[in-house]
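All remarks here apply to the structure that follows.
The values are calculated or read from the model by the stated rules, or taken from the named source; none is laboratory data. Here the structure is a predicted model, which means the values were calculated and not measured. Methodologically, a virtual Cβ is constructed for each residue, glycine included, from the backbone with ideal geometry; neighbour enumeration extends over all protein chains shown.
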Amino acid sequence: MRALSLAGFLFVGCWGIQFTDTVEMNAWAGSPPSTKSTRAAGDAERGRAVFNGKGICYYCHGTDGKKNQRPQLKADTAKLIAELNPPPVDLRNPNELRLTTDRNRALAILEGHPGTGMFPDTTMTNQELIDTLAYLTRLRQEGSPKK
């Protein structure tokens, strides 16, 4: 549900992508208004692929958000991540999360997160962002792996 509310924000507010209101469009044609939503839905599986791939989120937050399962990185990259202060948060642990809304998470992804080592991602499409936020919701729901 959060991803859907963010989708509306993304498409209507922040990025100004315009779409025609189906009710208005159908009114002149005489057809009944559509009951389908015009909002883009987040797909957590596609978001997982972005998180563990193009988005390189897994470099710092771990594969599938498991901090102790980072990919094999070049030595200098691994050293830089190990020295981050504050360290990257455990995205599966609600007690560590400082960003509490999808809007704040989206801004952190797109613009970076001041005071941390998180830099802006300027390559993500709007749909990839929506999908990644859906995946982050899944990570929070799953929680940290049991030891």
Notebook entry, point to check: Is it true that some residue in the stretch 21-28 is surrounded by 12 or more Cβ atoms within 10 Å (Cβ to Cβ), modelled with pLDDT of 90 or more, over 19 Å from Asp131 (Cα atoms) and among the hydroxyl-bearing types (Ser, Thr, Tyr)?
Noted result: no
Check: Where residues in the stretch 29-56 are at pLDDT 95 or above and part of a helix (DSSP H, G or I), which of them is surrounded by the fewest Cβ atoms within 10 Å (Cβ to Cβ)?
Finding: Glu45
Margin query: Cβ-Cβ distance below 7 Å, separation of 6 or more or different chains: which pairs start in the stretch 125-136 with a residue that is modelled with pLDDT of 95 or more and end on one that is acidic (Asp, Glu)?
Written below: Asp131/Asp43; Leu133/Asp102; Ala134/Asp43
Checklist line | Residue count, the stretch 106-121 (criterion: surrounded by fewer than 21 Cβ atoms within 10 Å (Cβ to Cβ) and either farther than 20 Å from Ile81 by Cα or of a type in the set (A, V, I, L, M) (or both)) | finding: 4
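Yes/no matrix, rows are residues, columns are (1) in contact with a helix residue (DSSP H, G or I) (Cβ under 6 Å, 6 or more places away or on another chain); (2) assigned to a helix (DSSP H, G or I); (3) without any contact (Cβ under 8 Å) to a residue 24 or more places away in the chain:
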{"position": "Lys79", "(1), (2), (3)": "no, yes, yes"}
{"position": "Asn95", "(1), (2), (3)": "no, no, yes"}
{"position": "Asn104", "(1), (2), (3)": "no, yes, yes"}
{"position": "Ala108", "(1), (2), (3)": "no, yes, yes"}
{"position": "Phe119", "(1), (2), (3)": "no, no, yes"}
{"position": "Arg140", "(1), (2), (3)": "no, yes, no"}
{"position": "Ser144", "(1), (2), (3)": "no, no, no"}
Margin query: Against the condition more than 19 Å from Gln141 (Cβ to Cβ) and loosely packed, with under 14 Cβ neighbours inside 10 Å, how does Leu84 come out, does it pass?
Written below: yes
